[in-house]
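Peer 1: Quick one: the structure is below, and I'll ask about it shortly.
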Amino acid sequence: MITFFSLAAFIFGSAIGSFLNVLTLRLPEEESLGGRSHCPSCKHILSSSDLVPLFSFLWLRGKCRYCKTKISARYFMVELATALLFAWVYAALLPESIFGIVILIRYWFVAAVFVSVFVIDLEHFVILDKMVLLSSIVVASINIILSIIAGSSVFSINGLFISGLVGAVAGFLPFYALWFVSKGKWLGFGDVKFALLLGLILGWPQIYVGYFFAIMIGGFVSSILLIFTKKSLKSRLPFGTFLTVGAFLAMLYGPLFLKWYLAFLGF
C-alpha cells in the first residue's frame with residue numbers, strides 16, 4: 001500500500017508540476033494564469049495529449065508536435081522535481097489520521113511553493129511578493145486548523161500557530177539586519193520577506209535549522225561554481241533557491257537534526 005500511495009503521490013505531484021510550469025512562466029511576466037497553453041515558438045494551442053505530465057515530453061522527444069521546435073527541458077524537470085518531492089513527502093509522513101492528512105496537504109502545498117520560488121528566483125533573481133503573501137496566509141490558516149484538530153488552543157505557546165509567528169519574527173530579524181547594514185548589497189529584500197514565510201512554515205526553532213542547511217548548501221554550490229566556472233566572488237547568486245532547499249530539508253528532518261545536534265553538544 002505504501003508503494004501504491006507513493007506512486008499516486010508521484011502522479012499527483014507531476015500534475016501539480018505541470019501547473020507550476022504555467023505559474024512560473026506567467027507570474028514573473030504578469031500574465032494571466034487563465035487561457036489555453038500554447039507552444040512558445042509557433043503559438044499553436046496545445047491539445048490535452050500534448051500536456052500529459054512527463055509522458056508528453058518523452059513521447060514527443062522534447063519537440064513541439066506542430067513546429068518541431070525543441071522544447072526546454074525545464075518543463076520536464078519541474079514536473080519531475082514536483083512529482084519526486086510529493087512522493088518523498090508522503091513516504092516521510094505516512095499519514096494515518098485526519099491530523100496526518102492535513103499535515104501532508106500542508107507539506108505538499110509548501111513543496112509546490114518552494115519549487116515555484118526556486119525556479120523563479122533561479123531564472124529572474126526575484127521572489128514575488130504576491131506569492132509570499134498568499135502562501136503566508138494559506139500556511140497560517142492551516143496552522144490554525146491543525147491546532148484545532150489537535151484539540152489545543154490556537155494561541156497555545158506550544159501550538160503551530162504561535163510557533164509559526166515566533167519563527168517568522170526570528171527568521172525576519174537577522175535577514176532584515178543584513179539587508180539594512182549592507183543597504184541591499186548582501187541580500188535582496190525579497191529574501192527578507194521570504195524569511196517571514198519560512199518562519200511560518202518551520203516555526204521556532206526550526207527556522208534556524210533551515211538557515212543552517214541553506215548556508216551549507218549555498219556555500220558548497222558557490223565553491224563549486226568558483227572552482228569550475230567563471231563565477232567570481234562578486235557574481236550574483238539566487239539565495240532564494242538555497243533557502244527553499246534548506247527549508248524543505250528542515251521541514252522534514254529539522255527536529256531529528258536538532259535533537260542530534262543538542263545531544264552532540266551534551267544537552
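The values are calculated or read from the model by the stated rules, or taken from the named source; none is laboratory data. Quick caveat, the model's predicted, so the values are computed rather than measured. Glycine also receives a Cβ, built like all others from the backbone with ideal geometry; neighbour counts cover every protein chain displayed.
Peer 1: If you check every pair at least six apart or on different chains, which have Cβ atoms under 6 Å apart with a residue in the range 180-205 that is assigned by TED's automatic domain parsing to the domain that holds Val245 first and a residue that is polar (S, T, N, Q) and modelled with pLDDT of 95 or more second?
Peer 2: Leu197/Ser135; Leu197/Ser136; Leu200/Ser136
Peer 1: Residues in the range 15-37: is at least one touching a Phe, Trp or Tyr at 6+ places or on another chain (Cβ under 6 Å) and among the hydrophobic types (A, V, I, L, M, F, W, C)? Steps first, please.
Peer 2: First, pick out the residues of the range 15-37 that are touching a Phe, Trp or Tyr at 6+ places or on another chain (Cβ under 6 Å): 21.
Filter once more, so that each one left must be among the hydrophobic types (A, V, I, L, M, F, W, C): none.
No, that holds for no residue.
Peer 1: In the range 104-139, which residues are outside any helix (DSSP H, G or I) and either small (Gly, Ala, Ser) or more than 12 Å from the chain's Cα centre (by Cα) (or both)?
Peer 2: The first filter runs over the range 104-139 and keeps only residues outside any helix (DSSP H, G or I), leaving 125-128.
Once the filter is applied, which keeps residues that are outside any helix (DSSP H, G or I) and either small (Gly, Ala, Ser) or more than 12 Å from the chain's Cα centre (by Cα) (or both), the range 104-139 yields Phe125, Val126, Leu128.
Condition check ((1) on the phi > 0 side of the Ramachandran plot; (2) surrounded by 14 or more Cβ atoms within 10 Å (Cβ to Cβ); (3) not in a strand (DSSP E or B)) across all residues:
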{"residue": "Pro28", "(1), (2), (3)": "no, yes, yes"}
{"residue": "Arg36", "(1), (2), (3)": "no, no, yes"}
{"residue": "Leu58", "(1), (2), (3)": "no, no, yes"}
{"residue": "Lys68", "(1), (2), (3)": "yes, no, yes"}
{"residue": "Phe76", "(1), (2), (3)": "no, yes, yes"}
{"residue": "Phe86", "(1), (2), (3)": "no, yes, yes"}
{"residue": "Phe99", "(1), (2), (3)": "no, yes, yes"}
{"residue": "Val102", "(1), (2), (3)": "no, yes, yes"}
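Peer 1: With the structure loaded, tell me whether Val221 is touching a residue at least 40 places away in the same chain (Cβ under 8 Å), farther than 18 Å from Trp179 by Cα and either in contact with a helix residue (DSSP H, G or I) (Cβ under 9 Å, 6 or more places away or on another chain) or assigned to a helix (DSSP H, G or I) (or both) or whether it fails that test. Show your work before the answer.
Peer 2: Values: touching a residue at least 40 places away in the same chain (Cβ under 8 Å): no; farther than 18 Å from Trp179 by Cα: yes; either in contact with a helix residue (DSSP H, G or I) (Cβ under 9 Å, 6 or more places away or on another chain) or assigned to a helix (DSSP H, G or I) (or both): yes.
No; evaluated as a whole, the condition is false for this residue.
Peer 1: Given (1) in a loop (DSSP other than H, G, I, E, B); (2) more than 24 Å from Ile145 (Cβ to Cβ), identify the lone condition not met by Pro95.
Peer 2: It fails just one condition, (2).
Peer 1: Here is a list of conditions, (1) touching a residue at least 12 places away in the same chain (Cβ under 8 Å); (2) not assigned by TED's automatic domain parsing to the domain that holds Pro255, and Ser56 meets all of them except one; can you say which number that is?
Peer 2: (1)
Peer 1: Restricting attention to the range 104-158, and to residues there that are surrounded by fewer than 18 Cβ atoms within 10 Å (Cβ to Cβ) and acidic (Asp, Glu), which single residue is farthest from Ser18 (Cα to Cα)?
Peer 2: The qualifying residue farthest from Ser18 (Cα to Cα) is Asp129.
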